[in-house]
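Peer 1: The following block contains the structure, expressed as structure tokens.
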Amino acid sequence: TNALSKGHSNKPINDGPANFFEADPELTKILPPQHPSSTATTTTTTKGSEFGLLAVTLWPPPLNLLREPYNTFLSCVRDCFDKQDILAQPHDVAKDSSSGIGPAAAAAVYMYPPECLHVTISTFHPFTKRTTDKSKQAVLMEQWRDILIHASQRPEWPSSRNNKNKLKFRICGAQIGQKAGILLWEELTGALHDIRSCISRETVSRVDSLAKVGIDANTLMIPNIVHSTFLRFHHVPMSKCEDVQAKFSNLVLPHLFSDDMFGSDLVVETDQIRMVCEWTPYMHIPCNDDHVLLEVSL
């Protein structure tokens with residue numbers, strides 16, 4: 001379901017707690033270029049070769065507030081998997097002649113570094129569309145940027161005039177699905193819902209004009225949850241899924257709101273929304289002019 005079918009519906013998230021795991025082939029695009037499994041040509045500090053357009057918030061993340069609790073959380077998540085799924089494994093071929101040690105194969109479980117945490121407001125054009133034509137990319141960037149600008153000018157867009165000039169996020173849960181692990185947030189003001197509504201309505205008003213320049217408005221996807229991905233699978237873990245879920249329920253979830261993790265009163269605020277180009281998948285990108293197409297303050 002896309003975000004246009006009812007004017008403001010949402011992309012369903014069916015990836016709840018899983019009873020099996022799936023590998024994500026896109027992860028090879030964010031591994032270091034020298035890695036034997038990698039198809040990447042860049043590091044996360046430079047411009048990659050994928051192309052996706054999103055509106056995000058809580059990015060870059062406030063690491064002064066989130067780095068320590070997030071790293072504690074990840075440490076507990078690691079304990080839910082067998083070590084062989086967490087540690088990079090020796091690679092049998094192409095041994096380094098100087099050390100005699102082959103390059104490591106990627107661990108099955110990939111955990112996002114703190115710098116890549118974000119909340120997706122909407123996806124305008126997913127990188128999985130494989131849009132490589134530069135002129136097409138330019139049209140997509142121009143049109144979706146204009147939609148976000150005009151969405152932010154709608155009267156229902158949150159601002160000081162309606163006492164919604166901050167987005168306020170609080171952790172409310174976490175889960176490991178078939179393809180990804182996610183942290184779940186509660187947005188306390190209702191502003192995120194209003195932003196998503198404005199984007200959806202502005203897009204609906206432009207379906208015909210977008211079609212005239214070759215853009216399918218149905219690529220717009222708006223999640224029906226508020227989440228930050230923290231984990232994906234480079235390949236299917238050796239750990240039994242049922243064991244991982246049991247450990248996650250026992251070792252992680254009961255401590256999610258403890259003082260040494262996210263606590264019960266940690267509220268993260270921001271007034272910034274950014275439209276970004278994912279030249280590298282999964283927001284493994286720097287916050288710079290090559291990647292940020294628009295900044296909007298509430």
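Peer 1: Any residue in segment 152-165 that is under 28 Å from Pro113 (Cα atoms), open to solvent by 10 Å² or more (accessible area, probe 1.4 Å) and outside any loop (DSSP other than H, G, I, E, B)?
Peer 2: Checked against the condition, which is being under 28 Å from Pro113 (Cα atoms), open to solvent by 10 Å² or more (accessible area, probe 1.4 Å) and outside any loop (DSSP other than H, G, I, E, B), segment 152-165 yields no hits at all.
Peer 1: Oh, and also: Is at least one residue of segment 109-122 part of a helix (DSSP H, G or I) and open to solvent by 40 Å² or more (accessible area, probe 1.4 Å)?
Peer 2: The answer is yes, given that some residue of segment 109-122 is part of a helix (DSSP H, G or I) and open to solvent by 40 Å² or more (accessible area, probe 1.4 Å).
Peer 1: Right, next: In this structure, does Gly48 turn out to be surrounded by 20 or more Cβ atoms within 10 Å (Cβ to Cβ), over 26 Å from Glu186 (Cβ atoms) and modelled with pLDDT under 95?
Peer 2: Against the criterion (surrounded by 20 or more Cβ atoms within 10 Å (Cβ to Cβ), over 26 Å from Glu186 (Cβ atoms) and modelled with pLDDT under 95), Gly48 qualifies.
Peer 1: Note down all Cβ pairs under 9 Å where the first residue falls in segment 62-78 and is within 14 Å of Met111 (Cβ to Cβ) and at pLDDT 95 or above, the second is among the hydrophobic types (A, V, I, L, M, F, W, C) and surrounded by fewer than 15 Cβ atoms within 10 Å (Cβ to Cβ), and they're at least six residues apart or on different chains.
Peer 2: Every condition considered, the pairs that remain are Tyr70/Leu63; Cys76/Leu251; Val77/Leu251.
Peer 1: Right, something else. When you scan segment 51-89, how many residues do you find that are open to solvent by less than 60 Å² (accessible area, probe 1.4 Å), closer than 30 Å to Arg145 by Cβ and not in a helix (DSSP H, G or I)?
Peer 2: 11
Peer 1: Considering only residues of segment 130-146 that are over 21 Å from the mean Cα position of the chain (by Cα) and among the aliphatic types (A, V, I, L, M), which is surrounded by the fewest Cβ atoms within 10 Å (Cβ to Cβ)?
Peer 2: Selected residue: Ala138.
Peer 1: Continuing with this model, one more query. Could you give me the residue pairs with C-beta distances under 6 Å whose first residue belongs to segment 146-166 and is in contact (Cβ under 8 Å) with a residue 24 or more places away in the chain and farther than 21 Å from Val292 by Cα, whose second residue is open to solvent by 60 Å² or more (accessible area, probe 1.4 Å) and in a loop (DSSP other than H, G, I, E, B) wherever it lies, and which are 6+ apart or on separate chains?
Peer 2: Here the result reads Ser159/Asn165, each pair linking segment 146-166 to a residue that is open to solvent by 60 Å² or more (accessible area, probe 1.4 Å) and in a loop (DSSP other than H, G, I, E, B).
Peer 1: Same structure, new question: Considering segment 267-298 alone, what residues qualify as being of a type in the set (Ser, Thr, Tyr) and either over 15 Å from Ser152 (Cβ atoms) or open to solvent by less than 40 Å² (accessible area, probe 1.4 Å) (or both)?
Peer 2: Thr270, Thr280, Tyr282
Peer 1: Here is a follow-up. Going through segment 186-203 one residue at a time, which ones are open to solvent by 30 Å² or more (accessible area, probe 1.4 Å), touching a residue at least 40 places away in the same chain (Cβ under 8 Å) and not in a loop (DSSP other than H, G, I, E, B)?
Peer 2: Passing the criteria: Glu186, Arg201.
Peer 1: Take segment 211-240 and flag every residue that is hydroxyl-bearing (Ser, Thr, Tyr) and assigned to a strand (DSSP E or B).
Peer 2: The answer is Ser228, Thr229.
Peer 1: Which condition breaks for Ile182 when tested against (1) at pLDDT 95 or above; (2) in a helix (DSSP H, G or I)?
Peer 2: (2)
Peer 1: Limited to segment 241-262, what total is found for residues that are loosely packed, with under 14 Cβ neighbours inside 10 Å and part of a loop (DSSP other than H, G, I, E, B)?
Peer 2: 3
Peer 1: Residue check: is Asp216 over 25 Å from Ser160 (Cα atoms), touching a Leu at 6+ places or on another chain (Cβ under 9 Å), open to solvent by 30 Å² or more (accessible area, probe 1.4 Å) and modelled with pLDDT of 95 or more?
Peer 2: For Asp216, the condition - over 25 Å from Ser160 (Cα atoms), touching a Leu at 6+ places or on another chain (Cβ under 9 Å), open to solvent by 30 Å² or more (accessible area, probe 1.4 Å) and modelled with pLDDT of 95 or more - is met.
Peer 1: Exactly one condition in (1) closer than 26 Å to Pro237 by Cα; (2) modelled with pLDDT of 95 or more; (3) exposed (fewer than 15 other Cβ atoms within 10 Å of the Cβ) is false for Ile101; which is it?
Peer 2: (2)
Peer 1: Condition first: more than 24 Å from Asp24 (Cβ to Cβ) and among the polar types (S, T, N, Q). Can you find one or more residues in segment 177-196 that meet it?
Peer 2: Yes, because at least one residue in segment 177-196 is more than 24 Å from Asp24 (Cβ to Cβ) and among the polar types (S, T, N, Q).
Peer 1: Run Val236 past the list (1) open to solvent by 60 Å² or more (accessible area, probe 1.4 Å); (2) over 23 Å from the mean Cα position of the chain (by Cα); (3) touching a residue at least 40 places away in the same chain (Cβ under 8 Å) and report the number of the one that doesn't hold.
Peer 2: (2)
The values are calculated or read from the model by the stated rules, or taken from the named source; none is laboratory data. No experiment lies behind these values; they were computed from the predicted model shown. So basically every Cβ, Gly included, is an ideal-geometry build from the backbone, and we count neighbours across all protein chains shown. Just the protein is used for accessible areas: all its heavy atoms, side chains included, with ligands, DNA and RNA removed. Shrake-Rupley method; radii C 1.70, N 1.55, O 1.52, S 1.80 Å.
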